Structures are given as C-alpha cells and as structure tokens.
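The values are calculated or read from the model by the stated rules, or taken from the named source; none is laboratory data. Not measured: the values here are computed from a predicted model. Cβ: placed from backbone, ideal geometry, glycine included. Neighbour counts: every protein chain shown. Each accessible area value is taken on the protein alone, full model and side chains, heavy atoms only, with ligands, DNA and RNA left out. Shrake-Rupley method; radii C 1.70, N 1.55, O 1.52, S 1.80 Å.
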Amino acid sequence: MQTATGVDIAALTRAANEARGLAMDSIAAAKSGHLGLPLGCAEIGAVLYSDFLQHNPKDPQWLNRDRFVLSGGHGSMFLYSWLHISGYNLPMSEVKNFRQHHSMTPGHPEFPNSEHNTPGIEATTGPLGQGVVNAAGIAAAQKMEQAMFNTKDHTLFDSVTVALCGDGCLQEGVSAEGAAFAAHEGLDNLIIVYDSNDVTLDKMAEYTQSEDTAARYTAYGWEVVTIDGHDINAVKNTLDKFRSSKNGKPKLLVCKTIIGKGIDEVAGTNAAHGEAGVKYVAEAKKKLGLTEPWQVSQDTYKYFEGVQKRLGSKYDAWKQTYNSWKSVNADKAKLLEMLQSKKTPSAADMFKAIPEISKGKDIATREAGSIVINHISDLVPQFLSGSADLHGSNKNYIKNGGNFGRGFDKTYTGKNFYFGIREHAMGAIMNGIAFHGLYRPSGATFLVFVDYMRASIRVASLAELPCTYILTHDSIGVGEDGPTHQPVETTASLRVIPNLDVIRPADPEETVGAYVHSQQRKDGPTALILTRQNVKTLDSVPAQTRREGVLKGAYVLKKETGALKLIILAAGSEVQHAMAAADALGDGIRVVSVPSMNIFNKQPQSYKDEVLPPSCTKRVAMEAGVGSMWYQYVGLQGKVVSVERFGFSAPGDIVMKELGMTAENLIKECKAYM
C-alpha cells in the first residue's frame, strides 16, 4: 500500500521487522551487543535507506552522497542490517559474523582504515556524543564544498548529513558545544534524529535528566519537530521538509520510540538497552513472522533493488551534471580532483618552498608557527585552521584564508574556524571534517587544555584521520599564569596514544619540519607542541639538517669530538640547554634532539643505533615535564632531568630556573652523573 508520499508502508514495515530480526540473530549469536536501538529505530532505518538518503550502494564514496552517522554506535547492528538490506557490499556472512575477529561488523562502527573497510560507514562512533558533533563537522565540510564548487549554472553539491543519537549522546557535554556551533554557523544541512525513548542504560531517563531537550535545542537556534518515531509517514514527511528547509537552522527530529520494540518482555525499559532480551528472541521473532535465522525475504531484497535503480538514476544524472560542470570549470575541476586524491606536496618540495624562518633571531616556536602555517596553507589548499578562541595566542591564523561560517566577515569558503571556547567540540568537528574527506583540518588551543578534547584525539588516532593539533604554551615556561596553565604531564600523556605523532620542536626550523610532517601524514593525526617563550635558534646546524631531522623523530644535532663519552638527549625548549651543556663539558659529548619519540620509534633499528649507539650507555635526558618516557632511551642506569611536580606562578625564566630547567643545572647533573 502506497501513501500520498509514495511510501510503500507494507514493504517498509516488513523490512523494518526483518532488520529487527537480523539484529536479534546477530546479537544472540555473538552473545554480545545492544538490541535496544536497532529494534527501537527500525522504522527510521527503513525510511532513511529506502526513501530519504541520497546515496549509491554501488559507489559508497560518491562525492555528493548524504552522510549518515550512527552517533549511538553501540547500536551498530542497526547500521549493518540496513547496509546489507539496501545493497551495500556487506554480505550476510559478515552480518552473521558480528563482533568477531577480522569481521566487517565490529562492535562499534569503524571508519574505513587499515583494520576495517566496511562500506557505508561514515564515522568511527561509540564514545557517546562524538558522532553528533562529527556530523556537524561533516555538514560544515559540505557547506564548504558547496561554496567552493557550485556555480549559478551547476549545482554539483547539495547533500545533507544525518546523525542518529539517543539520550546518552545528548547528555554528553560535547553535544551541547557542537549544537551551539552548528546553529551559530547556520548549518541547515545538518539533521539530528533523536531516538527519544526515555531510557538510559542504568535507569529510565527521568532518573538522571529532567530538561526539555526540544526547548533547549530551540534555544540554540535549531528547527525542532517531535513525532512518533514508529510512524513511517511522519518520519518520511518530516525528513523531506527538513531537506528542503534552507532557513539557516540545523534540524532536530525528536522521534518518540519504544526501545527494544518487538521483544515485549523488555521493550520500553532500560533492560532493553543491551542483550538482556536475547533469551526472548525466539518468541519475539515468531510474533514478527520471522521463521528463519537471519531472515530477509526476497520481497524485501526485490524492493530495495528497485530503490537502487531509482537512486542509480539520480546518480547517473549527477554524473552528467558533473561532466557538464567540469567542461566549463577547468580550474575548479582540477582543484576538486586534487582534493579527492588527498595528495600533498613532497616533504622535499615543501622544504624548498618555505624560506629559512629566523636566522640569527630567537623567537618562540609558536611565533615560528605563525609564519610556517601560512606557507603550509599556500602549499596545501585543503589545509584548514581553527582555534578555541585563542588565535591571538596560538598564532595559527591563515592571513589570506578568510573566516568560515555565517554572518560578520565570514563565508563558507573561509579557512579559519572560530570554534569558541569549545575545545571538545573543536576536536570532534575536526574529526567530522576529516571524515568528510576533502579537507585537512587543524585546530589550536593551549596544551594544558588538550585534555578537554582528548576523547576526540583518541578517535582521530584510531580512525587514522589526518588532523593536526597546534598546542601552544607548552611547559612551565608559561610562567605567571601559574600551575593551572603550566602543563607538566600533558606532553607525556599524549605520547602514549597509539598512532598520534607528537612533535615538540626545538627551534623555528624544527617547527618547519613539524608542520611539514603533519601534512605528509595520511594515516593519523599529529600534535605540534609549541612554546610561548623565545628559544635559541640553533644556527650552528644547517636549517635543512634540523628540518629533515624532525622527519625521523630524532637526530644527532651536535656530534662529539673524540671518543663518545656521553649522550645528552632533549626536546623542545630544553635542546638549547643541551647544546650549551655540551659546549661546556668539552670533548666526547653528543647532543641528540628528539622532537618526536613516536616518529623515532618507527625508524629502522640501524638508524636508531646510529643516533644512539648501544656502546654508549652513559646518557642524560632533559625535558620540562614528567620524565618517565625518557628511560626508554637512557636506560635504567641513565639520568633524566625533568619536572615531577606542578609549577607555580612567577615569570617563566624564574620558574624554569627554580625547577632545574637551565643549562647550568644540566651541566651540574651531567658532571655528577659522569
């Protein structure tokens, strides 16, 4: 039976119940998973994948596809069921292999990376709240591509982003930060479907929340509509209205649903959230008319074949538009193809294009970064920058890049993002921009505040996203602001995140190397740790040596004269002290600059032995932070000069002196050690 909107209610109801059955069977087989969302949102999935989303299962990377983000990633069987039913290359064998080793259906959705390559997954989700803000980042990237490439004669891009979330996502503070940003910047191509089932894991939702979520989002500046989430017509009609509404407001569709719908014994209760309903699956499936394991009827497959044909026709029409657009927009087409390729200039070409930064002049590495970032922007058109209300302090503004957003002096082609005092949202929005795929985002704050966005950095590392974090005011050298603003443990804590390259450059030329490395990476994020205070420019060593040394993580900055007696290792602002100490101590002293432990540890053993000869076990390391990670290089018999306490409020040079971060103290420590 078709309604006035053209929706075949019977077909979609059948598909929704079969999707419920797939979730029941896979979760029961795995003895692990979350039934609540896949069962409670089945009708929403039926509408999305049959009648709403602009996508092509045969070309999952289509440029103009709508993006669907399952923010409630624990409900992953919702996504896997609908990807299979709608025709993506996700065979039933993989649906059955849910949560098993090397399967295409991991416990939470994972963006295609070196571990998984499941088509149709637009974001790695699971940590609640991240996905809805990733969606804001994707929507921002869509706004940018529309502004960059659409013309008055050709609409190349008109896609939207849809995210599905529950109360858990909206309770997380990051979602509030992201919602405020999305509304302020007019992301009316963003649709959040809120699975409002009045349940959280521990208790009914009323036990921990009493706010009016719809009113809260209305206050942010969103367009909000509340419907019955099991009413297929209502879901379809509202989503269609949202797509056509270009009113400058992101959209929140509040869907009142029954969690675990279909398993009567637990439906509507917090017991339905996980796998508690598994023991009732057999009876529940009978009531739904499902008599076989993992049952999808031929009628449903045939129905979605028809959907694919309809979508294929729209896809073919778009390709014609693309070819017509390309024929009269050669420069835009060349740029778009370059962005799609994800290529960046080689490190050698980038080094050649960036002049020496500050020969004979001592400046802070954040100041050096303000010069380098503008060269990077010229060399890498897809590079974007942003700050959590600290452009003036982080010094990461792209001078000719324009500002992103709506109103004031902003446009959607702007390369500078003003995130406001929202570090966590900044990290999640950056991830969304990177998930979108055309752009390479960077974002800045003080290093000490990076913990506000740590969850987003972890996801970027896991998902292998090419994000760059510009983290200034890197140590006790911050000075007068005191211990609340003086990071001592933070750099070390970032170094332990797998696949995050942490670089703490020693001078302006190492800063060039750090930025260049960040733009070479295609398989993960990079954190640049920069000083507030001036550091000595290490002019005694050629600029190219310092730049290229960063690409290997560590290198010999000063080679010993005579027999090697002692190796001094240091990073960042302490390298200048290592050089001074080596000069004072005389023959036999080698200085190794270690801007990045993460990168150095990836080098061949032969190179590591060349820099740190195993024959020399006398080693001293220095860094203005906690020192435990340096023992991997100096050994248990080595010496680490570090800061193992919080700082205090005083001018930075006094704090450094009192806590031993001077050349004089390093000389003293080396003499005592030797």
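Taking all protein chains together, Glu115, Glu292 sort by accessible area into Glu115, Glu292, largest first [probe 1.4 Å]. Segment 199-263 and segment 372-449 have Cα centres spaced 30 Å apart. Near Glu122: Cβ cut-off under 10 Å, other residues only, Lys/Arg at +1 and Asp/Glu at -1. The net charge is +1.
For His230, the accessible surface of its heavy atoms amounts to roughly 40 Å² (probe 1.4 Å, protein chains only, rounded to the nearest 10). Residues in the chain average 37 Å² of solvent-accessible surface per residue, probe 1.4 Å, ligands and nucleic acids excluded. With the alpha-carbon atoms of segment 80-171 aligned to their principal axes, the span from lowest to highest coordinate is 49, 34, 25 Å, starting with the largest.
DSSP assigns beta bridges within segment 9-315; of those with both partners inside it, close to 5 percent run antiparallel.
Once a ≥ b ≥ c are taken as the square roots of the eigenvalues of the Cα gyration tensor of segment 347-529, is the result rounded (a/c under 1.5), prolate (a/b larger than b/c) or oblate (a/b not larger than b/c)?
Working: a/c = 1.21, a/b = 1.04, b/c = 1.16.
Verdict is rounded for segment 347-529.
Ligands, DNA and RNA aside, Leu612 has an accessible area near 10 Å² when probed at 1.4 Å. When both segment 644-659 and segment 100-152 are represented by their alpha-carbon centers, they are found 43 Å apart.
Enter the Cα centre distance for the pair segment 35-80 and segment 175-196, rounded to the nearest angstrom. With segment 35-80 and segment 175-196 each reduced to a Cα centre, they are spaced 18 Å. Semi-axis lengths, largest first, of the ellipsoid equivalent to segment 325-438 are 25, 22, 13 Å, with √(5λ) applied to each eigenvalue of the Cα gyration tensor. Towards the positive end of the charge dipole of the chain, with charges on Cβ (+1 Lys, Arg; -1 Asp, Glu), say which of His577, Tyr555, Ser50 has the farthest Cα. It is Tyr555, whose Cα lies furthest towards the positive end. How large is the Rg to Rh ratio of the chain when both quantities use alpha carbon positions and Rh follows Kirkwood? Here the Rg-to-Rh quotient is 1.03. Using a cut-off of 30 Å between Cα atoms, the listed pairs Lys302/Lys522; Lys241/Lys309; Lys361/Lys552; Lys361/Lys602 include Lys302/Lys522; Lys361/Lys602 as exceeding that distance.
Taken about its Cα centre, the chain carries a charge dipole of roughly 1260 debye when the Cβ of each Lys and Arg holds +1 and the Cβ of each Asp and Glu holds -1. Tell me whether segment 9-315 comes out rounded, prolate or oblate; compute the Cα gyration tensor, take square roots of the eigenvalues as a ≥ b ≥ c, and use a/c under 1.5 as the rounded threshold. Cα axes put segment 9-315 in the oblate bin. Taking each residue as 0.36 nm, the span from Ser327 to Asp240 lengthens on full extension beyond its C-alpha to C-alpha distance by 28.1 nm. Other residues within the sphere of radius under 15 Å centred on the Cβ of Glu489, judged by their own Cβ, net out at 0 (K and R +1, D and E -1). In summary, the convex hull built on the alpha carbon positions of segment 609-650 has an orientation-averaged projected area of 3.6 nm².
Rounded to the nearest whole angstrom, the semi-axes of the ellipsoid equivalent to segment 552-673, taken from the Cα gyration tensor as √(5λ), stand at 23, 17, 12, largest first. Cysteine residues of the chain whose Cβ has no partner cysteine Cβ closer than 4.7 Å: Cys41, Cys255, Cys467, Cys616, Cys670.
Solvent exposure of Asp583, expressed as accessible area, is near 110 Å², computed with a probe of 1.4 Å over the protein chains only. Straight-distance candidates among the lysines for linking to Lys286, with alpha-carbon spacing under 19 Å and chain neighbours fewer than 8 residues away dropped: Lys261. In sequence order, segment 408-417 has phi-based couplings of 6, 9, 8, 9, 7, 9, x, 9, 9, 9 Hz under the Karplus curve 6.51 cos²θ - 1.76 cosθ + 1.60, θ = phi - 60°, and Gly or Pro positions carry x.
How high is the relative contact order of segment 485-569? Use alpha-carbon pairs under 8 Å, at least six apart in sequence, and give a whole percent. Before the final figure, lay out the partial values.
Values: 71 pairs, mean separation 25.7, N = 85.
30 percent.
How much of the accessible area of the chain, in percent, comes from carbon and sulfur atoms when a 1.4 Å probe is used? Provide the component values of the computation, followed by the final result.
Working: 12800 of 25050 Å².
For the chain, the apolar C and S fraction of the accessible surface comes to 51 percent.
As a test of the formula, what do you get for the chain when each DSSP H run with n ≥ 4 contributes -39,500 (n - 2.57) and the sum is divided by the residue count, at 222 nm and rounded to the nearest 500 deg cm²/dmol? Estimated from H runs of four or more residues: -12000 deg cm²/dmol.
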